[in-house]
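Chemist: Before we start, here is the structure in question, set down as structure tokens.
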Amino acid sequence: MTATVIDGKAFAAKVRGQVAEHVAKLKEEHGITPGLAVVLVGEDPASEVYVAAKHRQTVEVGMASFEHKLPADVSEDALFEVIDKLNADPKVHGILCQFPVPDHLSERRVVARIDPNKDVDGLSVANAGLLASGETGLVSCTPLGCLMLLRDQLGNMSGMNAVVVGRSNLFGKPMAQLLLQENCTVTIAHSRTKDLAEVCGRADILVAAVGRAEMVQGDWVKPGATVIDVGITRIPHPEKPGKSKLLGDVEFGSASNVAAAITPVPGGVGPMTIACLLANTLTACCRSNGLPEPEGLTA
Ligand SMILES: Nc1nc2c(c(=O)[nH]1)N[C@@H](CN(C=O)c1ccc(C(=O)N[C@@H](CCC(=O)O)C(=O)O)cc1)CN2
């Protein structure tokens, strides 16, 4: 079997197109422009690339982009002052702080300071709780992106065995909740799981978010499964000196011989993260103005 390679880059472009269409309608019919504020603390090179991509794509879909770059040694008080102003700013519908933050800051405390209605990363305790209770909130972007890819690939997932490898608040836990909402039978596996290969081998839907390059081998994959690879590890390119190469958590070559469908790295889940951030900003804007939400862009 050679798996269908799920094109996350193309799907993300489609999502951005839907967001742009809805944004244009909001402007025309209601004179409202959704706004996204991104706070970057320090100069982590990867974070700078992601924040630049967020700014570019926000502007491309017709939204207002507000960037706040703070020095690496910014105090928690000074950072909270910026967040408080954004919470109170009616032009800003979505706020996020790019992670990781420097060690003297706590990601948990930063997220807790953001108004849950503007928490477009969906990471606040309020939004995590709403998701766990099956109520409407804002859903973490990468799991939301994976859900969109799975719905597109599989349609009805009811009764399927889903295994999520990884239990982070950013990804594993919300992903498991979303799969549960799709009526999957969900297992969350993690570093202490016994016989991980056997657990993975029972998955009709296997979502790997372990953060260890190529840990999930082809012989862990059930024939015909749909495999979603959330890992991104950057290594020096073996053939091109000075260049780097990205690896997922799944050994793509062997897994794609067994699976029915699989996301590649790069070009799979990654591009969906920013597309879903834009979708969440649009959703937050519609909700705060009491307007109907865009269809197909929420969980
Ligand atoms: N506040 C947040 N911080 C971080 C998040 C997040 O969702 N919220 N996620 C990651 C970084 N990230 C977005 O912020 C992100 C990661 C990867 C991609 C992406 O498109 N990846 C490409 C490869 C890009 C490359 O060459 O490096 C792919 O997989 O094809 C977009 C956004 C951590 N921080």
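Chemist: Can you say what percent of the DSSP beta bridges in the chain, counting only those with both residues inside, are antiparallel? Round to 5.
Modeler: 10 percent
Chemist: Subtracting the Cα-Cα distance from 0.36 nm times the residue separation, let me have the gained length for residue 245 to residue 106 in nm, one decimal.
Modeler: Residue separation times 0.36 nm, minus the Cα-Cα distance, leaves 47.0 nm.
Chemist: If you average the alpha carbon positions of the range 95-153 and of the range 245-299, how far apart do those two centres end up, in angstrom?
Modeler: Taking the Cα centre of each part, the range 95-153 and the range 245-299 sit 14 Å apart.
Chemist: Could you please state how large a percent of the accessible area of the range 126-276 is carbon and sulfur, counting protein chains only and using a 1.4 Å probe?
Modeler: Taking all protein chains in place, the range 126-276 shows 50 percent carbon and sulfur surface.
Chemist: A follow-up question, please. Rounded, prolate or oblate, given the Cα gyration tensor of the range 30-122, with a/c below 1.5 counting as rounded?
Modeler: oblate
Chemist: Looking only at 247, 144, 70, which one moves most when the chain is put into a Gaussian network model with springs between Cα atoms under 10 Å?
Modeler: So, out of 247, 144, 70, the one fluctuating most is 70.
Chemist: Between residue 73 and residue 9, how high is the FRET efficiency from 1/(1 + (r/R0)^6) when r is the Cβ-Cβ distance and R₀ = 35 Å? Nearest 0.05.
Modeler: 0.45
Chemist: Ignoring the sites themselves, what is the longest stretch of the chain with no GluC sites (Glu not before Pro) in a DSSP loop and at most 16 other beta-carbon atoms within 10 Å?
Modeler: Counting only loop sites that pass the neighbour cut-off, the longest clear stretch is 136-238.
Chemist: Right, here's the next one. Once amide H atoms are placed 1.01 Å from N in the peptide plane, what residues at a sequence separation of 5 or more from residue 97, or on another chain, have their amide H within under 5 Å of its amide H?
Modeler: Those lying under 5 Å, H to H, from residue 97 are 39.
Chemist: Which of the cysteines found in the chain have nothing to pair with, since no other Cys Cβ lies under 4.7 Å from theirs?
Modeler: 97, 146, 184, 200, 285, 286
Chemist: Taking only DSSP H segments of four or more residues, each worth -39500 (n - 2.57), what value at 222 nm results for the chain once the sum is divided by all its residues, to the nearest 500 deg cm²/dmol?
Modeler: Calculated from helices alone, the mean residue ellipticity at 222 nm is -12500 deg cm²/dmol.
Chemist: With a 1.4 Å probe and every protein chain left in place, work out the accessible area per residue of the chain in Å², rounded to a whole number.
Modeler: For the chain, the per-residue accessible area is 47 Å².
Chemist: Continuing with the same structure: Enumerate the amide H contacts of residue 64 below 5 Å, restricted to partners 5 or more residues apart or on another chain; note that Pro and chain-start residues carry no placed amide H.
Modeler: For residue 64, whose amide H was placed from the backbone, the distant partners under 5 Å are 35, 36.
Chemist: Once you've got the Cα coordinates, tell me which of 9/222; 25/245; 9/173; 173/243; 118/243 are over 29 Å apart.
Modeler: Table pairs above 29 Å Cα-Cα are 25/245; 173/243; 118/243.
Chemist: Return the long-range amide H neighbours of residue 70 (sequence gap of 5 or more, or a different chain), with a cut-off of under 5 Å between placed amide H atoms.
Modeler: It is 40, 41, 42, by chain and number.
Chemist: May I pose another question? In nanometres, what is the gap between the two model label sites at residue 237 and residue 80, each 7 Å from Cα along Cα-to-Cβ?
Modeler: 4.6 nm
Chemist: Right, next: Compute the acute angle (0 to 90°) between the alpha-carbon long axis of helix 141-154 and the principal axis of greatest extent of the alpha-carbon atoms of the chain; round to the nearest 10°.
Modeler: 50 degrees
Chemist: Please work out how much length the chain gains when fully extended from residue 194 to residue 133, using 0.36 nm per residue of separation minus the C-alpha to C-alpha distance, in nm with one decimal.
Modeler: Additional length available on full extension: 19.1 nm.
Chemist: Here's a follow-up. Taking springs between alpha-carbon atoms closer than 10 angstrom, which of 274, 228, 188 fluctuates most in the Gaussian network model of the chain?
Modeler: Taking springs between Cα atoms under 10 Å, the residue moving most is 188.
Chemist: Moving on. What is the count of Lys pairs in the range 26-102 whose alpha carbons sit under 19 Å apart, if the two are 8 or more places apart or on different chains?
Modeler: Step by step, the pairs that qualify in the range 26-102 add up to 5.
Chemist: In terms of the Cα gyration tensor, with a ≥ b ≥ c the square roots of its eigenvalues, is the range 141-271 rounded because a/c is under 1.5, prolate because a/b exceeds b/c, or oblate?
Modeler: Note, shape of the range 141-271 comes out prolate.
Chemist: Working out 0.36 nm times the residue gap between residue 295 and residue 152, then minus their Cα-Cα distance, what length gain in nm do you get to one decimal?
Modeler: Taking residue 295 through residue 152 to full extension adds about 50.1 nm, to one decimal.
Chemist: From zero outward in steps of 10 Å, how is the percent of C-alpha pairs of the chain spread across the bins?
Modeler: 6, 27, 34, 24, 8, 1
The values are calculated or read from the model by the stated rules, or taken from the named source; none is laboratory data. Quantities reported herein were computed from a predicted structural model and do not represent experimental measurements. Quick reminder, even Gly has a Cβ in these numbers, built from the backbone with ideal geometry, and neighbours come from all protein chains shown. Remember, those area values only see protein heavy atoms, side chains included, never the ligands or the DNA or RNA. Shrake-Rupley method; radii C 1.70, N 1.55, O 1.52, S 1.80 Å.
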